[in-house]
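Below you'll find the structure, written out as structure tokens, and then a few comments.
The values are calculated or read from the model by the stated rules, or taken from the named source; none is laboratory data. As the structure is a computational prediction, the values presented were derived from the model and not from experiment. Quick reminder, even Gly has a Cβ in these numbers, built from the backbone with ideal geometry, and neighbours come from all protein chains shown.
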Amino acid sequence: MGRKTDHVPERTCIATRETHPRAALLRFVLSPDGEVVFDLKGNLPGRGAWVKPARDALEEAVRRRAFSRAFKAPVKAPDGLPERVVSQLKEAAIATLSLARKAGAAVAGFDKVREALRAGDVAVLIAAVDGAEDGRRKLLALARAANPGAMLVETLDSRELGLAFGRERVIHAAMKPGGLADKFLQLARKVAGLTNGRVEPVAISRPEEMEKNGR
């Protein structure tokens, strides 16, 4: 007998008509007054409408009245919906990173991140989008050598990262493997899709590629 595989629930994006795992999509519901509401945790009651986490897909869903078709009713999409979604996702990512810090599963600062990388205990390497290139390049090189399976995340700026660690600003951070790292990555991928950020394996984050892309 073949091995039984876990079923991954999928949904179709109302803008692109592409099918993706449900957890990778943005879910929206309709409020009692007919306004489109982003369902951050994916558990609000009522019919859901699913959108690919990409700014152009979300803007197209609004422009082409895809929400009205999905809910089979007239709807109101609030002004600045993409920005509202990004704000909520970032807040959730920062809160998740803060929980990891309190649990001893996340560190910040160049030296502490370097120590964690050398110990081979990093699942997520986080770089502030406004950080200097030199430090990022050095930590990436170490990550590729000692933590080739880690993911590089560039979706938050230094002020936003600082909020997670109770500091004014943080440039470099790292998370140990575990549920909080998995949750952070899921949120970061959605932010990246909406903001042109980056979430990718450190193994393919080569300095020469970063320079080619102007990063």
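Before moving on, here are some points about what is shown:
- Residue in the stretch 194-215 that is at pLDDT 95 or above, surrounded by fewer than 21 Cβ atoms within 10 Å (Cβ to Cβ) and more than 22 Å from Pro53 (Cβ to Cβ) present: no
- Search result, residues across the stretch 10-26 that are under 12 Å from Ala70 (Cα atoms), surrounded by 19 or more Cβ atoms within 10 Å (Cβ to Cβ) and either in contact with a Phe, Trp or Tyr (Cβ under 9 Å, 6 or more places away or on another chain) or among the polar types (S, T, N, Q) (or both): Cys13, Ile14
- Single residue of Ala106, Ala95, Ala119 found to be modelled with pLDDT of 95 or more and surrounded by 21 or more Cβ atoms within 10 Å (Cβ to Cβ): Ala106
- The requirement of being in contact with a Ser or Thr (Cβ under 7 Å, 6 or more places away or on another chain) and over 10 Å from Ala173 (Cα atoms) is not satisfied by Gly120.
- When the stretch 36-48 is limited to residues that are at pLDDT 95 or above and over 16 Å from Lys190 (Cα atoms), the one that is surrounded by the most Cβ atoms within 10 Å (Cβ to Cβ) turns out to be Val36.
- Of residues in the stretch 71-92 being of a type in the set (A, V, I, L, M) and within 25 Å of the chain's Cα centre (by Cα), the one nearest to Pro32 (Cα to Cα): Ala77
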